[in-house]
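Undergrad: The structure follows.
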Amino acid sequence: MHDALPPQLHVFVRDWLSANHIVLKSADGHVLIDSGYGRHVPLTLALLATARGLGDEPLAKLVNTHCHSDHIGGNAALARKYRCRIAVPEGEAPLIERWDTRLLLLDYCDQTAERFGVDEVVYAGTTHVWGDLEWQALAAPGHDMGALVFFNPEHRILISGDALWQNGFGVVLPPQMDAAALPATRATLEMLASLDARIVIPGHGEPFCDVEAALERSLRRLDAFEADHLRIARHIMKAILTFSLLNYQRMSLADLPAYLARVDLFREFNAAFFRLAPDDLARMLVGELEKAGAVSRSDGWLVPA
Ligand SMILES: [Zn+2]
């Protein structure tokens, strides 16, 4: 799959805690898209220093598809090391400038990122030359209402962030929390379908070519979310808890109810949708994640499966 991409473009496929990095090399200055999670900064720096990355050459610019912790966590460290410019989507710039940890879903979800400054704003509808390739910045609201995707018409390559994965898309808020999120997600998937992309480089997972099937799966998932808002709420809580578990690597089952009562997202979603005692909420989430094969229990600890 990687050899279907132009040679000056390299994808470092990461995991669910850190978004993928896309390196676009050019004599005019190398560009990197997305920087992973803060905990992974040492690995991010090491990968970028390899020959497939930057080697010992400078990084001119870092661009973010959107400003969630798993995409911006390395921004500050990369700016320190490379003195690169940082470019964020227009809708995210005000949140970064005032470091709005709730809207950035940082402490709201018990996630962290080192604060960084914005040097450039990327506007939807503009075209950029990165890695000697033309990229259209397209608004892709839904998972993140300020997100952008980047499309290269020549090779029909789509850098989709968390707007489209091979199997779904990043969590979307239920209408009770943001009435615009689900309709925006549908409009974004329809817009992405109209691009006729040949290959998608997602924010998480390997690049893929079966774009039509991926869009179809995402639309079916969206149908299910639209039909059942409790399902969206459970999905978000499970996704954020899984993320916390990847971050901490293990969590005490005995402390989990208190954790769910302490972190705003779990407390607010529970109050809005389930009204369960923290013990029962923990039992529901762990039970469903276990059934899905995402977690297991070991000696009083919850661990990623
Ligand atoms: Zn992500």
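Undergrad: Of all residues in segment 244-295, how many are assigned to a loop (DSSP other than H, G, I, E, B) and among the aliphatic types (A, V, I, L, M)?
TA: 7
Undergrad: Please determine, by comparing only the residues of segment 158-192 that are part of a strand (DSSP E or B) and closer than 22 Å to Thr242 by Cβ, which one is nearest to the ligand (Cβ to nearest atom).
TA: So the residue we want is Gly161.
Undergrad: While we're looking at this one, here's another question. Are there any pairs with C-beta distances below 9 angstrom linking a residue in segment 15-35 that is closer than 17 Å to Ala79 by Cα and without any contact (Cβ under 8 Å) to a residue 60 or more places away in the chain to a residue that is near the ligand (Cβ under 9 Å from one of its atoms) and not in a loop (DSSP other than H, G, I, E, B), with the two at least 6 apart or on different chains, and if so which?
TA: Sorted first by the residue in segment 15-35, then by its partner, the pairs are Ser35/His71.
Undergrad: Looking at Thr65, Thr50, can you tell me which residue is among the polar types (S, T, N, Q), free of Cβ contacts under 8 Å to residues at least 12 places away in the same chain and either touching a Pro at 6+ places or on another chain (Cβ under 8 Å) or surrounded by fewer than 18 Cβ atoms within 10 Å (Cβ to Cβ) (or both)?
TA: Going through Thr65, Thr50 in turn, the sole match is Thr50.
Undergrad: Another one. Among the residues of segment 215-239, write down those that are farther than 25 Å from Ala305 by Cα and either assigned to a loop (DSSP other than H, G, I, E, B) or within 16 Å of the ligand (Cβ to nearest atom) (or both).
TA: Answer for segment 215-239, where residues must be farther than 25 Å from Ala305 by Cα and either assigned to a loop (DSSP other than H, G, I, E, B) or within 16 Å of the ligand (Cβ to nearest atom) (or both): just Asp228.
Undergrad: Restricting to segment 86-104, name every residue that is assigned to a loop (DSSP other than H, G, I, E, B), buried (at least 18 other Cβ atoms within 10 Å of the Cβ) and among the hydrophobic types (A, V, I, L, M, F, W, C).
TA: Leu104
Undergrad: Sticking with this one: When segment 42-90 is examined, which residues are found to be of a type in the set (Gly, Ala, Ser), more than 16 Å from the ligand (Cβ to nearest atom) and under 29 Å from Tyr108 (Cβ atoms)?
TA: Once the filter is applied, which keeps residues that are of a type in the set (Gly, Ala, Ser), more than 16 Å from the ligand (Cβ to nearest atom) and under 29 Å from Tyr108 (Cβ atoms), segment 42-90 yields Ala76, Ala77, Ala79, Ala87.
Quick note: the coordinates plus some simple rules give every number you see, no bench work behind them. What you see is a predicted model; the values in this text were computed from it and never measured. We place every Cβ from the backbone using ideal geometry, glycine too, and count neighbours over all the protein chains shown.
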